[in-house]
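In what follows, a structure is listed as structure tokens, so that the remarks can point back to it.
All of the numbers you see were taken from the coordinates with simple rules; none came from a lab. Just so it is clear, the model here is predicted, and its values are computed rather than measured. Neighbour counts are summed over all protein chains in view; Cβ atoms, including those assigned to glycine, are modelled from backbone coordinates with ideal geometry.
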Amino acid sequence: MLKINNIKLPIDHSNEDIKIEIAKNLDISSKDIKKIYIRKKSIDARKKNTMIYFIYNVDFEIENEDLFLKFPFISKSPDYNYKLPISGDIPLKHKPIIIGFGPAGIFAD
């Protein structure tokens, strides 16, 4: 999955317009983009006399991702899937010491 930042669109746009804008930046057809995930949506209303815009940070899926990493505004998207922490398999020599009577100390044995 790839990431593109700062896609600027007017307020009255559709979700298909996001795909079209990404495709225009990459010089490809919007049908080549399989899926998009909106990661951040901001409002740009800095200028008083002009239109108000939405600014998007978008992750998207496309075939042959390595070909598009040459663009300076495209990067690999981080993995957002949660991974459970690895629990230890070595038993402790002593019981842990709980100090205080906060939420952890109330139920500690």
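Springs between Cα atoms under 10 Å define the GNM used for the chain, and in it the highest mean-square fluctuation of Asp17, Asp27, Asp89 occurs at Asp89.
Modelled spin-label separation between Glu65 and Lys31, with each label point placed 7 Å from Cα along the Cα-to-Cβ direction: 2.4 nm. Estimated from the Cβ-Cβ distance and a Förster radius of 30 angstrom, the FRET efficiency linking Asn57 and Ile86 is about 0.45. Compute the acute angle (0 to 90°) between the alpha-carbon long axis of helix 15-26 and the principal axis of greatest extent of the alpha-carbon atoms of the chain; round to the nearest 10°. Value to nearest ten degrees: 80.
Only lysines eight or more places from Lys47 in sequence, or on another chain, were considered; those with a Cα closer than 16 Å are Lys8. The slack in the chain from Ile98 to Asn15, taken as 0.36 nm per residue of separation less the alpha-carbon distance, amounts to 24.7 nm.
Using a cut-off of 32 Å between Cα atoms, the listed pairs Lys48/Lys76; Lys34/Lys83; Lys48/Lys70 include Lys48/Lys76; Lys48/Lys70 as exceeding that distance.
Recomputing Cα Rg over 2.2 N^0.38 Å from the coordinates shown identifies the correct label among (1) 1.76; (2) 1.22; (3) 0.96 as (1).
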